[in-house]
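Here you go, one structure.
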Amino acid sequence: DAFIFRRNPKESETHRTFAEYGDDIKSLGTYILNSKFKGERLAVVGANSYEWHLCYNAILDTDSVGVPLDRMLPEDELIALLERSQAKVIFYQQKHHAMMVSIANKQKEGTIKSCIEKFVCMYKDGLGKGEDLSLDGFEDLYELIAKGKALREKGDDSFMTTPISSDEPRIILFTSGTTSMSKGVLLTHRNICSNVYYIQQTLPVFAGDRAFSILPLHHTFENTCDFFILYVGGCLCLSDGLRYIVKNLKE
């Protein structure tokens, strides 16, 4: 297992192996590489989830620019960061669907300057009653994965052959903004990977060990630690939420 999680606290656990995770990343990455969004800025917003990891990794593994965003931002602040980052795609968790529809409508009206061309719902089965992806520009993540998988089955190996620019800015991380407007910090693959490497030199974590992931994934600290756990072959157990921490720890 690479991941153990629940879709909601009342459901049974879902498990994802490293093989399944890797296959999903390769397929989504192949889709991105064959789209006009290759090398563009692609945003991710939502609570901690398997799909969050999947989308973020697929973006970075295509040498595109990842823009992880705080899921707690109100709509106007989220729009401001989308405008500043100039993201062309946003992968969002289903709980953000109404906000994404509102942003799409404002773009069409010309009342905002964000340039999102594709809104990708991470898990459409979690949409609420009356919500769907029939609007122009909205897509289901797993349909994109299926398209990428079909390309791979036809012999497309672009995902494995695309070079990674290790010292070029490939992450735009916005700070919390506690001391004024959020600042866009530029990070490289080497910034993250060197931290992962040096964590391994000090923390005795091994293949098969389990780690409990609690902090928001748009934090560089949290996603760097999660990369470390996966790097050594550990399993990430995703929290059901703050009120379930004691229960989850026992599990």
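Sorting check: for 18-24, 28-34, which peptide has the highest mean count of neighbouring beta carbons within 10 Å, and how do the rest follow? Working shown, then result.
Values: 18-24: 15.3, 28-34: 24.9.
Highest mean packing first, the order is 28-34, 18-24.
Let me ask something additional. For residue 127, what charge total do you get from the other residues with a beta carbon under 15 Å from its beta carbon, if Lys and Arg give +1 and Asp and Glu give -1? It would help to have the intermediate numbers written out before the result.
Details: positive: 7, 95, 124, 129; negative: 51, 125, 131, 132, 139, 140, 143.
Every neighbour counted, the sum reads -3.
First compute the accessible area of the chain with a 1.4 Å probe, then give the percent of it belonging to carbon and sulfur atoms.
Summing carbon and sulfur atoms, their accessible area is 53 percent of the total for the chain.
A further question follows. Suppose every Lys and Arg Cβ carries +1 and every Asp and Glu Cβ carries -1, with no other charges. What dipole size does the stretch 118-203 come out with about its Cα centre, to the nearest 20 debye? Write down the numbers at each step before the final one.
Working: 10 positive and 12 negative charges, 61 e Å.
It comes to approximately 300 debye.
Would you please give the residues with an amide H less than 5 Å from that of residue 174, counting only those at least 5 places away or on a separate chain, with H modeled from the backbone geometry?
For residue 174, whose amide H was placed from the backbone, the distant partners under 5 Å are 185.
Under the Kirkwood approximation applied to all pairs of distinct alpha-carbon atoms, what is the hydrodynamic radius of the stretch 39-186 in Å?
Averaging 1/r across every pair of different Cα atoms and inverting gives 16.1 Å.
What ranking do 115-124, 158-167 get when scored by the average of other Cβ atoms within 10 Å per residue, highest first?
115-124, 158-167
Given Cα pairs under 8 Å that are at least 6 residues apart, what percent is the relative contact order of the chain?
Dividing the mean separation by the residue count of the chain yields 21 percent.
Now a separate question. Quick one: which of 233-239, 98-104 comes out on top by average Cβ neighbours within 10 Å, and what's the full order, highest first? Don't skip to the end; give the middle numbers.
On the way: 233-239: 19.4, 98-104: 16.9.
Descending mean neighbour count gives 233-239, 98-104.
Another question, then. Once label points are set 7 Å from the Cα along Cα→Cβ at both residue 215 and residue 76, what is their separation, rounded to one decimal in nm?
Result: 3.0 nm between the two label points.
Considering the alpha-carbon set of the chain alone, what are its Rg and its Dmax in angstrom?
17.8, 54
Let me ask something else about it. Amide H neighbours of residue 2 under 5 Å, counting only residues 5+ apart in sequence or on other chains, H built in-plane at 1.01 Å?
Those lying under 5 Å, H to H, from residue 2 are 16, 17, 18.
Compute the signed sum of charges (Lys and Arg +1, Asp and Glu -1) over the other residues within less than 9 Å, Cβ to Cβ, of residue 16.
Net charge around residue 16: -3.
Right, something else. Hey, what do the phi angles of the stretch 224-236 turn into as Karplus ³J(HN,Hα) couplings, whole Hz, using 6.51/-1.76/1.60 and θ = phi - 60°, x for Gly and Pro?
Couplings: 5, 5, 5, 4, 4, 4, 5, 4, 8, x, x, 10, 8 Hz.
Quick one: what are the phi-derived ³J(HN,Hα) couplings along the stretch 160-171, Karplus 6.51/-1.76/1.60 with θ = phi - 60°, whole Hz, x for glycine and proline?
7, 9, 6, x, 9, 8, 5, 10, 9, x, 10, 9
Among DSSP beta bridges lying fully in the chain, give the percent that are antiparallel, nearest 5.
Counting DSSP beta bridges with both partners in the chain, the antiparallel share is about 25 percent.
Could you compute the net charge surrounding residue 48? Neighbours are other residues with a C-beta less than 11 Å from the C-beta of residue 48; K and R count +1, D and E count -1.
Values: positive: 71; negative: 51, 222, 226, 240.
With Lys, Arg at +1 and Asp, Glu at -1, the neighbours total -3.
Rounding to the nearest 20 debye, state how big the charge dipole of the stretch 144-251 is about its Cα centre with +1 on each Lys and Arg Cβ and -1 on each Asp and Glu Cβ.
Dipole about the Cα centre, nearest 20: 240 debye.
Something else now. Can you list the HN-Hα couplings for the stretch 2-14, worked out from phi with the Karplus curve (6.51, -1.76, 1.60; θ = phi - 60°), rounded to whole Hz and with x for Gly and Pro?
So the Karplus estimates, Gly and Pro as x, are 9, 9, 10, 7, 10, 5, 8, x, 8, 9, 6, 5, 10 Hz.
I've got another one for you. Could you list which residues have their amide H under 5 Å from that of residue 235, counting only those 5 or more apart in sequence or on another chain, with H placed in the peptide plane?
Residues meeting the amide H criterion: 208, 209, 210, 211.
Work out the charge dipole of the stretch 127-179 with +1 on the Cβ of Lys and Arg and -1 on the Cβ of Asp and Glu about the Cα centre, then indicate which of 166, 137, 148 is farthest towards its positive end.
166
Of 36/183; 129/154; 129/183, which ones are farther than 32 Å apart at the Cα?
Result: 129/154; 129/183 exceed 32 Å.
The values are calculated or read from the model by the stated rules, or taken from the named source; none is laboratory data. As the structure is a computational prediction, the values presented were derived from the model and not from experiment. FYI the Cβ positions are ideal-geometry reconstructions off the backbone, even for glycines, and counts take in every protein chain you see. Only protein heavy atoms, including side chains, enter the accessible area calculation; ligands, DNA and RNA are left aside. Shrake-Rupley method; radii C 1.70, N 1.55, O 1.52, S 1.80 Å.
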